[in-house]
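> So that we are looking at the same thing, I have put the structure below in structure tokens.
The values are calculated or read from the model by the stated rules, or taken from the named source; none is laboratory data. Just so you know, these numbers come straight off a predicted model, no measurement behind them. FYI the Cβ positions are ideal-geometry reconstructions off the backbone, even for glycines, and counts take in every protein chain you see.
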Amino acid sequence: MNANQRNDPPPPRVLGRSEAGGRLIGVLTWRAPRPGRLVVLGARAWLTRQHDAQDYMLAGGEHLWLRAGDQITAEAFHANESVFLQWQPEPSLAARASAAALRRLARLLRASACRVDAWGLRREQG
């Protein structure tokens, strides 16, 4: 099975790369393909979401949640600062369900191991 056939979410990607060291140069307009968060890396960024009266000034490490289809316009707050934008799509429903099932299975296995361990100790003491 290749990577395109799995339900794994795609790895986060950096938006707005340029030839000048990978930082955001000028203004970037971008549309979110699905729900997720846009994380600012580096210096401050000025973000505007279409049909949103509020502008957002985010520092490195801060993020803005986006819905599928949200369009943003982004630029560095200061022209001489290096800003990177990282897109982190929300995991699909199937991926979240799989992760939840694995967590439940791990809890059951730990509980079973504890019971077997306790049963073995009682037999040795008896």
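> For residues that are of a type outside the set (Gly, Ala, Ser) and in contact with a Lys or Arg (Cβ under 9 Å, 6 or more places away or on another chain), scanning just region 35-61, find the one that is nearest to residue 91 (Cα to Cα). So that I can check it myself, show each step before the final result.
The initial filter retains those residues of region 35-61 that are of a type outside the set (Gly, Ala, Ser), namely 35, 37-41, 44, 46-52, 54-58.
Narrowing the set further to residues that are in contact with a Lys or Arg (Cβ under 9 Å, 6 or more places away or on another chain) leaves 35, 50, 55-58.
On the way: 35: 9, 50: 24, 55: 26, 56: 24, 57: 26, 58: 23 Å.
Per the stated criteria, the residue is 35.
> Hey, among the residues in region 50-93 that are crowded, with 17+ Cβ neighbours inside 10 Å and closer than 14 Å to residue 27 by Cβ, which one's modelled with the lowest pLDDT?
Ranking the candidates gives 83 first.
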